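Read through the structure below, which is laid out as structure tokens, and then see the notes.
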Amino acid sequence: MGVSMATARTWVERWECQQERYAVDREERFTVIADVVEHAVKGLTRPLLLDLGCGPGSLAARLADRFPHAEIVAADMDPVLLELGRTHHADAARYVDTVIGAEGWIGALGLDRPLDAAVSTTALHYLSEPVLLRTYRSLAALLRPGGVLVNGDHFPPDVAACSELTAHVGRRRSERTGGHAREDWRSWWDAAAQDPELADLLDERRRRYALHACSGGDEQVTVCRHAALLRRAGFAHVAPVWQFGDSTVLVAVMGGTAEATPTNG
Ligand SMILES: C[S@@+](CC[C@H](N)C(=O)[O-])C[C@H]1O[C@@H](n2cnc3c(N)ncnc32)[C@H](O)[C@@H]1O
């Protein structure tokens, strides 16, 4: 069920444009996430990073460019997007086909040492609060002391009175940068369904989604609720480090040694 390099490139490039519709200042947000990772892995010879809900490897590829010495594991449940990532960004990461939060997903990652950072973009909003809590607990157990979880996503506003204002600021930014005019999610998948090279992968995707009843929706968990769940899961410190409209980078830090110990690797 592989795809050619040319096909993977076409769909990944089109994916990158489509996602700008959903993430205000997406490229800057990737950069901010990498800045946080840089701080967390300073001095490490071979940091271990995990990308949750990697899609076609968008964040993993950017991290691989910035940290060529890192080992990156990228996890997702979508066979189409995983195959596009495996083909187009083959060297960026080791891609793992698994359902985050489901039974056995941690074992599927095949990790042999503590994580230095877990990262994610535009993905954790799919998870319900109980699944998020379970996932955060698992990640807290996997991260080394001082390790970080860095989540860039869109979050509903915590203060209802400001929700319209937050949305307006994001919308305006999106208009200025052209994000609002990008192709939408539905149109990308409808177009992909016309590509004969993706037919088998799309059949597999339909089969999986029927099995896992993946909502594909937005669970509307606020930054405050995420922070509460992260603290309950064992993270010592939680703070947003960047925001534009509803687009936010939320960072959670494990307790223990705050600085990376340069013995890793
Ligand atoms: C909107 S895409 C974002 C992909 C990529 N991180 C990016 O920024 O372009 C969300 C991704 O999360 C994945 N995802 C959602 N829930 C998941 C779960 N429970 N387990 C694994 N992957 C999941 C989807 O399959 C999809 O690839």
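Read the figures in this text as sums done on the coordinates, not as results from a lab. Quick caveat: nothing in here was measured; it's all calculated off a predicted structure. Using ideal geometry, Cβ is built from the backbone for each residue, glycine included, and neighbour counts are taken over all protein chains shown.
Taken across the stretch 29-39, residues that are on the phi < 0 side of the Ramachandran plot and within 11 Å of the chain's Cα centre (by Cα) do occur, with at least one present. Of the residues making up the stretch 152-165, none is touching a Gly at 6+ places or on another chain (Cβ under 6 Å) and under 24 Å from Trp242 (Cβ atoms).
Restricting attention to the stretch 120-134, the residues that are within 11 Å of the ligand (Cβ to nearest atom) and in contact (Cβ under 8 Å) with a residue 60 or more places away in the chain total 10. The set of residues in the stretch 116-132 being outside any strand (DSSP E or B) and buried (at least 18 other Cβ atoms within 10 Å of the Cβ) consists of Thr122, Ala123, Leu124, His125, Tyr126, Leu127, Leu132. Residue count for the stretch 79-110 under the criterion of being among the hydrophobic types (A, V, I, L, M, F, W, C), assigned to a loop (DSSP other than H, G, I, E, B) and crowded, with 20+ Cβ neighbours inside 10 Å: the result is 3.
Would you be able to say whether some residue in the stretch 104-119 is more than 15 Å from the chain's Cα centre (by Cα), more than 30 Å from Asp195 (Cα to Cα) and within 10 Å of the ligand (Cβ to nearest atom)? The answer is yes; a qualifying residue exists. Once the stretch 1-28 is narrowed to residues that are part of a helix (DSSP H, G or I), more than 9 Å from the ligand (Cβ to nearest atom) and of a type in the set (D, E, K, R), the residue that is surrounded by the most Cβ atoms within 10 Å (Cβ to Cβ) is Glu20. The set of residues in the stretch 172-188 that are surrounded by 15 or more Cβ atoms within 10 Å (Cβ to Cβ) and either out of contact with any strand residue (DSSP E or B) (no Cβ under 8 Å at 6 or more places or on another chain) or among the aliphatic types (A, V, I, L, M) (or both) comprises Ser174, Thr177, Gly179, His180, Arg182, Glu183, Trp188. When each of Gly178, Gly217 is tested for being in contact with a helix residue (DSSP H, G or I) (Cβ under 9 Å, 6 or more places away or on another chain), within 13 Å of the ligand (Cβ to nearest atom) and among the small types (Gly, Ala, Ser), the lone residue that passes is Gly217. From the list Arg113, Arg137, the one residue that fits, being surrounded by fewer than 19 Cβ atoms within 10 Å (Cβ to Cβ), charged (D, E, K, R) and out of contact with any strand residue (DSSP E or B) (no Cβ under 9 Å at 6 or more places or on another chain), is Arg137.
For the stretch 32-53, the criterion of being near the ligand (Cβ under 8 Å from one of its atoms) and assigned to a helix (DSSP H, G or I) is satisfied by no residue at all. Selection of the stretch 54-78 for residues being away from the ligand (no atom under 13 Å from the Cβ), part of a loop (DSSP other than H, G, I, E, B) and not aliphatic (A, V, I, L, M) yields Phe67, Pro68, His69. With a requirement of 1 or more residues that are closer than 30 Å to Glu164 by Cβ and without any contact (Cβ under 8 Å) to a residue 12 or more places away in the chain, the helices (runs of 4 or more DSSP H) lying completely within the stretch 184-245 that satisfy it span 185-192, 223-233.
Within the stretch 151-182, if we keep just the residues that are closer than 27 Å to Val221 by Cβ and in a loop (DSSP other than H, G, I, E, B), the residue that is farthest from the chain's Cα centre (by Cα) turns out to be Val159.
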